[in-house]
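Quick notes on the structure that follows.
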């Protein structure tokens with residue numbers, strides 16, 4: 001099997017999700033650190049311009065978005081599974097939590113450390129990623145609402161733990177735990193655990209649960225340069241997709257398509273549809289730096305549509 005390569009940066013909460021998943025599965029992996037603010041030329045060459053982090057690479061197959069990275073890791077190392085009680089509840093809870101908590105978590109974060117965020121980071125997130133100003137002055141008027149929202153949602157986590165046991169969906173850790181952990185980790189790691197616990201009313205049950213999640217660790221990483229990762233992709237061939245034929249979109253393989261997140265950072269990736277089912281779409285791109293690549297996206301949270309003037313292509 002080709003090496004597992006993760007493109008990430010330390011303070012990215014979404015990267016922390018994947019680092020913990022690698023820890024759960026006890027995997028060896030290569031760590032490619034990227035800048036929090038683009039440009040990221042080597043990563044762009046692998047993804048066709050997808051601008052969010054993290055990105056997982058296995059040879060010439062590139063996985064964009066944490067949900068599809070989880071799916072890839074399940075294929076590579078089925079046990080311990082990320083879905084011990086089944087995929088549905090864990091995936092639905094993960095998507096809800098990511099979208100419901102992201103803006104409130106940023107609002108609380110910048111209240112505490114906003115003055116330390118670089119201007120280039122703030123400008124990029126406003127103009128190219130989130131679409132709104134996350135500077136401390138801009139977020140300050142809504143701070144009471146952000147605290148209220150996070151406190152309410154965290155109470156739901158407490159209820160789930162009380163009902164289900166040590167983890168959110170039962171006796172074994174799942175993708176839901178790793179996902180719901182990451183935004184609280186962002187706040188507690190950067191603003192102080194005692195401060196955040198008091199501000200959001202987080203009790204010992206949440207702190208103990210977070211300690212159990214953190215105990216997964218990050219597996220066994222080894223540093224790798226972006227240039228080496230690009231070379232690894234260029235030396236490999238994409239794997240043949242193993243998806244079924246149950247794609248409800250009706251878009252034929254071989255069609256030129258665009259794949260765009262449906263929430264923020266709406267930068268389309270254009271390529272040739274190779275395969276798709278209800279959960280995943282695989283798009284081929286030809287990278288001048290790395291040759292033919294297969295870029296994988298989840299269906300939930302993304303729009304896969306025929307590109308302008310698209311037609312079937314033999315290039316797939």
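Condition test on residue 227, is it touching a helix residue (DSSP H, G or I) at 6+ places or on another chain (Cβ under 8 Å), exposed (fewer than 15 other Cβ atoms within 10 Å of the Cβ), touching a residue at least 60 places away in the same chain (Cβ under 8 Å) and under 30 Å from residue 282 (Cβ atoms)?
Spelling it out, residue 227 is indeed touching a helix residue (DSSP H, G or I) at 6+ places or on another chain (Cβ under 8 Å), exposed (fewer than 15 other Cβ atoms within 10 Å of the Cβ), touching a residue at least 60 places away in the same chain (Cβ under 8 Å) and under 30 Å from residue 282 (Cβ atoms).
For every residue, the table says whether it meets (1) touching a residue at least 12 places away in the same chain (Cβ under 8 Å); (2) surrounded by fewer than 22 Cβ atoms within 10 Å (Cβ to Cβ).
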| residue | (1), (2) |
| --- | --- |
| 140 | yes, yes |
| 145 | yes, yes |
| 148 | no, yes |
| 152 | no, yes |
| 164 | no, yes |
| 168 | yes, no |
| 175 | yes, no |
| 178 | yes, no |
| 186 | yes, no |
Exercise. Can you tell which of 106, 18, 113 is within 30 Å of residue 145 (Cα to Cα), at pLDDT 95 or above and surrounded by fewer than 19 Cβ atoms within 10 Å (Cβ to Cβ)?
Worked result: 113
Problem set entry | In segment 37-46, the residues that are surrounded by fewer than 23 Cβ atoms within 10 Å (Cβ to Cβ) and not in a loop (DSSP other than H, G, I, E, B) | 41, 42, 44, 45
Problem set entry | Filter result (assigned to a helix (DSSP H, G or I) and within 17 Å of the chain's Cα centre (by Cα)) within segment 76-94 | 87, 90, 91, 92, 93, 94
Problem set entry | Flag for residue 50 being in the same structural domain as residue 228 (by TED's automatic domain parsing), assigned to a loop (DSSP other than H, G, I, E, B), in contact with a strand residue (DSSP E or B) (Cβ under 6 Å, 6 or more places away or on another chain) and on the phi < 0 side of the Ramachandran plot | yes
Exercise. Does residue 69 qualify as being outside the structural domain of residue 195 (by TED's automatic domain parsing), more than 23 Å from residue 211 (Cα to Cα), within 14 Å of the chain's Cα centre (by Cα) and free of Cβ contacts under 8 Å to residues at least 60 places away in the same chain?
Worked result: yes
Exercise. Cβ-Cβ below 6 Å, separation at least six or inter-chain, first residue in segment 281-296 and more than 13 Å from residue 237 (Cβ to Cβ), second at pLDDT below 95 and not in a strand (DSSP E or B): which pairs?
Worked result: 282/241
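Restricting to segment 130-153, name every residue that is assigned to a helix (DSSP H, G or I), under 14 Å from residue 109 (Cβ atoms) and within 23 Å of the chain's Cα centre (by Cα).
Taking segment 130-153 as the starting set, the residues that turn out to be assigned to a helix (DSSP H, G or I) are 136-153.
With under 14 Å from residue 109 (Cβ atoms) added as a condition, the list becomes 136, 138-140, 142-143, 146-147, 149-150.
Across segment 130-153, the qualifying residues are 146, 149, 150.
The values are calculated or read from the model by the stated rules, or taken from the named source; none is laboratory data. Note that this is a predicted model, so its numbers are computed, not measured. Neighbour counts run over all protein chains shown; Cβ positions are idealised from the backbone, glycine included.
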